[in-house]
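Working notes, beginning with the structure itself.
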Amino acid sequence: MRLLRFLVFASASCFGILFFLPSVTPAQQTAAIAGTLTDQTEAAIAGALVTAQLLGTTGASVHTESGSDGRFSLTLNPGRYRVILVHDAFKKEEQEFTLAAGETRTWDMRLQLEPMSADVVVSAAAEPATIENTAALVNIVTRGEIDQRGAILLTPLTQGIPGISFSQLGPMGGSTTFFLDGGNSNYTKVLIDGVPVNQPGGLVDFSNFSLDGVDKIEVVHGATSVLYGSDAMTGVLQIFTHRGNTSEPILELNADGGTFNTQHTSGQLSGMLGAFDYSAGGAYFDSDGQGPDDYFRDTTLWGNFGWKFSDTNTLRLTLRNGSSDAGQPGQTALGPDFFVPGQHTVLHNFSSGLTWDFQTGDWQHQIIGFESRDYSLDVGPFGSFPSDFNRAGLNEQSTYLFPNGGVSVGYFFEVENGGETARRNQAGYVEAHYQVVHRLTMIAGVRIDGNGFYGIRAVPRVGAAYALRYGAGFWGSTRLRASYGLGIKEPESLPPDCSPQLDPERSRTVDVGFDQVLASDRVRFSATAFFNRFQDIVSFASVTNNPNCPAFDGSFFNTDLARANGINSTVEAKPLHWLNIVGNYTYDDSKVLKTTNPLMDPALAQGNRLFKRPLNSASLIANAHFRWANINMAGYYVGRRTDSDFDSVHVGNMCTGPCITSDASYVRWDAATTVPVAKGLSAIAQVQNLFDRKYQDAVGYPALGRGYRVGIHYVWGGDQSHQ
């Protein structure tokens with residue numbers, strides 16, 4: 001009987017299991033979402049974060065990353081999910097899926113690059129590209145870094161960028177120029193939202209350039225005349241203004257002040273209204289400086305407005321206007337006799353651009369119409385000396401993208417006006433990039449430049465970026481890159497009768513570098529060697545009784561020859577989740593190889609280092625971010641550099657006057673902090689020259705002593721995670 005009861009019980013149990021199995025098994029089956037992520041050229045996107053969140057619950061989400069082939073796969077329980085794709089270099093994508101048991105859904109996506117991302121480079125090639133696929137060395141500064149350092153003006157910010165040195169004639173508002181990788185101050189093309197703002201063949205005075213309304217700065221190293229023509233001899237600096245990116249408007253207000261009777265206020269309103277995005281603002285800066293006639297007043301206005309007709313058809317208008325008045329007391333560090341009472345400089349800079357991006361078939365097009373103006377008025381005891389430069393033009397570029405590559409062709413037309421000259425320039429260019437294999441991307445281009453001054457010239461550029469190794473853990477990814485280019489520059493606006501026909505100044509730049517990731521992406525190291533040669537440099541030489549130019553008693557010639565070889569290096573470490581440390585070091589071994597200037601200025605004698613370019617420079621920036629505060633410390637080292645007092649009278653090897661031919665090295669520290677006070681409201685503070693170091697960025701012009709600013713920053717509306 002016991003055996004019989006056991007057999008009956010066992011049979012019933014098996015029957016029950018078999019009866020219920022069909023209804024239980026499907027409930028336990030899973031579903032899946034899988035796909036492949038690619039960019040516009042169908043190249044695979046690795047490292048994108050894919051997140052699935054079950055709708056209607058607060059439970060944990062499921063995550064995965066796309067592999068080196070761009071593929072991803074998520075295994076999920078049946079249900080309704082929101083799936084989000086996020087990558088630092090691309091625009092976010094999301095979609096909802098309802099998954100049944102046992103179902104596998106395919107979601108292949110072609111992601112669009114995000115131009116304002118810190119991982120996307122806009123200025124280095126005809127088409128935006130991720131920084132990993134860029135052959136040139138590129139340094140990017142974001143709005144977040146600007147706020148962390150409490151920076152208001154562009155000049156101090158550039159000291160944290162490797163390869164850049166600058167000269168400033170006074171503490172604030174004095175004429176300010178910068179030098180990239182050993183090149184002259186007029187060897188860098190400067191653009192604001194795609195609009196060129198250099199004086200024709202000349203430089204940009206950054207003395208009044210405010211960072212208000214700026215979201216991103218890109219510095220591209222190496223000759224880039226293929227894309228930008230004249231002036232791009234050693235690189236490009238492009239500034240991007242803020243775009244509205246939230247459906248709810250954002251109002252941002254700032255007010256601060258401090259030593260030297262300094263006051264700074266700014267306001268910006270931005271957002272999106274359907275197909276229309278907008279950003280507009282204004283800022284005012286006022287300081288009395290640290291001595292007589294050392295004041296500085298600056299007003300900046302800006303606007304950035306876009307209209308999206310469709311996903312492939314957009315129109316954008318950008319405007320920026322800066323006006324300043326700065327006292328120029330002179331080289332007061334050399335003594336009271338060098339003080340010039342009543343001397344001041346008025347600057348007015350304006351840039352505007354209208355950009356149309358659209359698509360026809362497989363071709364993408366961009367047309368930019370632009371205009372910029374650079375006006376200055378120097379007022380002193382000997383009168384007023386105005387200068388007014390204007391440039392306006394059109395740049396049309398069409399790009400055809402194919403699997404793993406693309407080719408761009410463009411036409412450029414420009415009219416330049418300034419001084420006694422007017423030039424009409426035009427050019428045609430072509431550039432192609434191709435991912436030869438999964439790890440190797442190559443780029444090549446050529447420009448035929450037709451300049452109203454020097455005629456027709458051709459300039460090429462080639463480069464390559466190679467992912468030597470993909471990896472995680474302690475020894476991470478390794479990337480190699482190299483580029484070669486020829487640069488070209490028209491002479492500055494010169495009196496037409498003071499010189500014979502001049503050739504353009506030319507550069508040859510070679511850059512070779514690598515990027516290494518270590519310690520599970522907590523340490524990044526980058527080093528780039530540059531080899532730059534500058535020839536046909538225009539110089540001025542005395543010519544007795546020159547009938548064509550009696551006012552100058554001289555003439556201009558293509559005579560000078562120089563070179564600059566060095567290394568730009570960066571180490572970025574994140575030892576703790578709240579601490580980020582960046583160290584930069586630049587070695588710039590420049591040399592004058594040939595010159596006609598030694599009798600006029602021994603500082604430019606053959607064999608000397610190039611003017612105002614230090615052999616060694618470095619920076620160390622540490623940022624600590626806590627829930628209750630953000631604290632930033634920035635230190636800068638600038639080595640001794642060749643300079644001149646421009647007041648010495650030379651007789652043979654002897655001279656009278658101060659006879660200063662170099663600036664001493666110095667170290668300066670700045671500090672800044674932001675402390676949240678309430679929702680949208682923060683207290684801000686910044687100290688410049690924390691240890692009150694006495695130094696000069698140009699002979700005789702004392703830099704500011706220790707100074708501080710304190711104030712508030714208020715943000716209302718929008719998604720404040722964007723701030």
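Under the Karplus relation 6.51 cos²θ - 1.76 cosθ + 1.60, θ = phi - 60°, what is the ordered set of whole-Hz ³J(HN,Hα) values for the range 321-334, x standing for Gly and Pro?
Once rounded to whole Hz, the list reads 9, x, 9, 8, 9, 10, x, 10, x, x, 7, 5, 5, 8.
Under a 5 Å amide H to amide H cut-off, with H placed in plane at 1.01 Å, what residues pair with residue 93 once short-range neighbours are removed?
Sorted by chain and number, the residues that satisfy this are 85.
If packing is taken as the average count of other Cβ atoms within 10 Å, what order do 371-378, 455-462 fall into, highest mean first?
So the order, starting with the most tightly packed, is 371-378, 455-462.
May I ask which residue of 95, 50, 68 lies farthest towards the positive end of the charge dipole of the range 25-110, with charges of +1 (Lys, Arg) and -1 (Asp, Glu) on Cβ and the Cα centre as origin?
95
How much mean residue ellipticity at 222 nm does the chain get from its helices, if each DSSP H run of length 4 or more adds -39500 (n - 2.57) and you divide by all residues, to the nearest 500 deg cm²/dmol?
Working: 4 runs with 42 residues, N = 723.
The helix-only estimate for the chain comes to -1500 deg cm²/dmol at 222 nm.
Full-extension gain between residue 561 and residue 68, please, as 0.36 nm times their residue separation minus the C-alpha to C-alpha distance. Please report the intermediate quantities before stating the final value.
Numbers: separation 493, 0.36 × 493 = 177.48 nm, distance 4.69 nm.
Working it through step by step, the gained length comes to 172.8 nm.
Could you compute the FRET efficiency for residue 61 and residue 615, with r as their C-beta to C-beta distance and R0 at 45 Å, rounded to 0.05? Walk me through the numbers before you get to the answer.
Details: r = 53 Å, r/R0 = 1.18.
Plugging the Cβ-Cβ distance into 1/(1 + (r/R0)^6) gives 0.25.
Give a residue-ordered list of calculated ³J(HN,Hα) values for the range 608-614 (Karplus: 6.51 cos²θ - 1.76 cosθ + 1.60, θ = phi - 60°; whole Hz; x for Gly, Pro).
Result, rounded to whole Hz: 6, 6, 5, 4, 6, 10, x.
Under the 0.36 nm per residue contour assumption, what length would be gained going from the current alpha-carbon distance of residue 434 and residue 577 to full extension?
On the way: separation 143, 0.36 × 143 = 51.48 nm, distance 3.72 nm.
Once the chain is fully extended between residue 434 and residue 577, it gains 47.8 nm.
With a ≥ b ≥ c the root eigenvalues of the C-alpha gyration tensor of the range 156-251, is it rounded (a/c under 1.5), prolate (a/b larger than b/c) or oblate? Intermediate values should be presented prior to the final figure.
Numbers: a/c = 2.03, a/b = 1.37, b/c = 1.48.
Oblate is the answer for the range 156-251, as a/c is 1.5 or above yet b/c matches or exceeds a/b.
If you take every DSSP beta bridge whose two residues both sit in the range 25-110, what share of them, in percent to the nearest 5, is antiparallel?
Numbers: 25 of 30 bridges.
Looking only at bridges with both residues in the range 25-110, the antiparallel portion is about 85 percent.
Describe numerically, in nm with one decimal, the distance between label points set 7 Å from Cα along Cα→Cβ at residue 710 and at residue 359.
The modelled label-to-label distance comes out at 5.4 nm.
How big is the gap, in Å, between the Cα center of the range 672-723 and the Cα center of the range 373-440?
Centre-to-centre (Cα) distance: 34 Å.
Among DSSP beta bridges whose residues both lie in the chain, state the antiparallel percentage, nearest 5.
Details: 318 of 328 bridges.
Percent antiparallel among DSSP bridges in the chain is about 95.
State whether the range 227-344 is rounded, prolate or oblate according to the following rule on the C-alpha gyration tensor (a ≥ b ≥ c being the square roots of its eigenvalues): a/c under 1.5 gives rounded; otherwise a/b larger than b/c gives prolate, and the remaining case gives oblate.
Values: a/c = 4.08, a/b = 1.84, b/c = 2.22.
Oblate is the answer for the range 227-344, as a/c is 1.5 or above yet b/c matches or exceeds a/b.
Determine the principal axes of the Cα atoms in the chain, then give the extent along each, sorted from largest to smallest and rounded to whole angstroms.
In descending order, the Cα extents are 134, 54, 46 Å.
In nm, what is the difference between 0.36 nm times the number of residues separating residue 305 and residue 88 and their Cα-Cα distance?
75.7 nm
Please list, by residue number, every one of the chymotrypsin sites (Phe, Trp or Tyr not before Pro) in the range 166-273 that is coil in DSSP and has at most 14 other beta-carbon atoms within 10 Å. Don't jump to the answer; show the numbers that get you there.
Details: sites: 166, 178, 179, 187, 206, 209, 228, 240, 260; in loops: 187, 209.
Passing sites in the range 166-273 do not exist.
Bear in mind these aren't lab numbers, they're just calculated from the coordinates by the rules spelled out. Small disclaimer: the values here were computed from a predicted structure and weren't measured. All Cβ positions, glycine included, derive from the backbone under ideal geometry; neighbour counts span all protein chains shown.
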